[in-house]
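The values are calculated or read from the model by the stated rules, or taken from the named source; none is laboratory data. What you are looking at is a predicted structure, and each value in this text was computed from that prediction instead of being measured. Ideal geometry is used to build each Cβ from the backbone, glycine not excepted, and the neighbour counts take in all protein chains shown. Only protein heavy atoms, including side chains, enter the accessible area calculation; ligands, DNA and RNA are left aside. Shrake-Rupley method; radii C 1.70, N 1.55, O 1.52, S 1.80 Å.
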Amino acid sequence: QVQLVESGGGLVQPGGSLRLSCAASGSMFSVYTMGWYRQAPGKQRELVAIISVGSSTNYADSVKGRFTISRDNTKNTIYLQMNSLKPEDTAVYYCNGRLSSINYWGQGTQVTVSS
């Protein structure tokens with residue numbers, strides 16, 4: 001069993017930055033593909049960014065060049081650095097850990113981009 005706990009969300013003005021963190025419990029963190037997803041009101045949950053075991057990354061087109069995902073296997077933690085935030089980035093952001101067909105989710109952290 002893996003538990004994921006997100007932090008770092010909040011209210012930020014357009015053009016601002018936030019860094020989300022996701023801390024994972026358990027000793028198998030390094031073998032999980034990790035990712036960030038988001039869900040805006042009235043919309044489906046969507047992939048934001050993923051990072052593989054070997055630290056290869058992939059991003060949604062809407063965040064490329066603005067967001068950066070990273071992982072620190074010594075701290076069992078992944079991060080999402082979000083720059084140049086836009087109002088359309090407003091959503092609940094969820095951390096995901098995946099190993100084969102097994103998925104774990106965090107409880108989510110709210111990000112609101114508004115002036």
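Does segment 28-67 come out rounded, prolate or oblate by the C-alpha gyration tensor, with a ≥ b ≥ c the root eigenvalues, rounded set by a/c under 1.5 and, if not, prolate when a/b is larger than b/c and oblate if not?
oblate
With an 8 Å Cα cut-off and a minimum separation of 6 or more residues, compute the relative contact order for the chain in percent.
37
Rolling a 1.4 angstrom probe over the protein heavy atoms, how many square angstrom per residue are accessible across the chain?
Here the residues of the chain average 52 Å² of exposed surface.
Could you list the trypsin sites (Lys or Arg not before Pro) in segment 1-77 that lie in coil according to DSSP, counting only those with at most 14 other Cβ atoms within 10 Å of their Cβ?
Loop-located and lightly packed - 43, 64, 75.
Roughly how many Å is it from the Cα centre of segment 18-33 to that of segment 42-97, as a whole number?
Cα centroid of segment 18-33 versus Cα centroid of segment 42-97: 12 Å apart.
Using a ≥ b ≥ c from the Cα gyration tensor of segment 55-115 (square roots of the eigenvalues), is it rounded, prolate or oblate, where a/c under 1.5 gives rounded and otherwise the larger of a/b and b/c decides, a/b for prolate?
prolate
In a GNM of the chain with a 10 Å cut-off on Cα contacts, which of 14, 87, 41 has the highest mean-square fluctuation?
41
Heavy atoms only, probe 1.4 Å: what % of the accessible area of the chain goes to carbon and sulfur, would you let me know?
48
From the phi angles alone, apply the Karplus equation (6.51, -1.76, 1.60; θ = phi - 60°) to segment 43-60 and give each ³J(HN,Hα) in whole Hz, x where the residue is Gly or Pro.
Values per residue, Gly and Pro as x: 10, 7, 5, 10, 6, 9, 7, 9, 9, 7, 4, x, 6, 6, 10, 8, 10, 5 Hz.
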